[in-house]
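The values are calculated or read from the model by the stated rules, or taken from the named source; none is laboratory data. Computed from a predicted model, the values in this text were never measured in an experiment. Here the Cβ positions follow ideal geometry from the backbone for every residue, glycine too, while neighbour counts run over all protein chains shown.
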Amino acid sequence: MNRKGFVLLSVLWVVVVISAIGVTVLASIRLGSRLTANRDYLARAEWARASCGEILKARYAATPRLWVLDTIALGRGTWCTGKMTDADQLFNINLATDGQLLQLLGSDSLASAVRDWVDDDTVDAHGLAVGRWYRERGRRAPRNGPLVSIEELLLVRGVDPSLVDRLRPRVSVLGNNRRLDVHANPADQPPTTIVADLSAGVRGTPLIVQGRVAFRTAGTRLAALWQEFP
């Protein structure tokens, strides 16, 4: 190969390398731009979700019979929806009997795992230490007390997100199940605890954030007890 050919080949390689670097840089810029946009959308959606809870509280104070918010536009393309439910119309899993847990979860092993999580026994039905399985896997030990949220079920052995999603519309960790009594008269039993399920997002994006807030009722006012915001 003569000198001109060598120089030409070197120039071509330099062009290839520079082009590759340029493509990589452009790809990184695009990715960074998308990540920045997603963070912005997420922040706006979370703001919308928080606003939705405050709107529910304000509207309930004005009209206690109003328990549902249809899609509300909150500006800059953000939207939210909300639905409140009397906690006593949901099944309080903390009050479940062994038979009810089995019916609810559909599995002896899951029912036993949940029971071991919430009761104060240090050994399970087989005489084994309740926390051993969790410690061996570096996981949080059982609470040995009532669940504080439905999301806490995800910490229980064998429970997966799909099960929690299936239970969430029907189950709570609050309420005394009084409205599940067929002999009770709901008109004589004003709600003491309300659960609000919230959803929010940004129009034109697939991003949606959800969460649940529990309120204690005091006349027409709602006081927040706890919230589950993944």
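General observations
Table: residues versus (1) loosely packed, with under 11 Cβ neighbours inside 10 Å; (2) charged (D, E, K, R); (3) at pLDDT 85 or above.
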residue	(1), (2), (3)
ARG132	no, yes, no
ARG135	no, yes, yes
GLY138	yes, no, yes
LEU154	no, no, yes
ARG178	no, yes, no
GLY219	yes, no, no
ALA223	yes, no, yes
GLU228	no, yes, no
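- So VAL182, is it modelled with pLDDT of 90 or more and among the β-branched types (Val, Ile, Thr): no
- Residue among ASP86, ASP108, ASP98 that is on the phi < 0 side of the Ramachandran plot, without any contact (Cβ under 8 Å) to a residue 12 or more places away in the chain and not aromatic (Phe, Trp, Tyr): ASP108
- The listed residue being buried (at least 18 other Cβ atoms within 10 Å of the Cβ), at pLDDT below 85 and not small (Gly, Ala, Ser), out of LEU128, LEU174, LEU110, LEU207: LEU174
- Of all residues in segment 58-100 being buried (at least 20 other Cβ atoms within 10 Å of the Cβ) and in a helix (DSSP H, G or I), the one that is modelled with the lowest pLDDT: ASP88
- Residue in segment 30-40 that is surrounded by 14 or more Cβ atoms within 10 Å (Cβ to Cβ) and β-branched (Val, Ile, Thr) present: no
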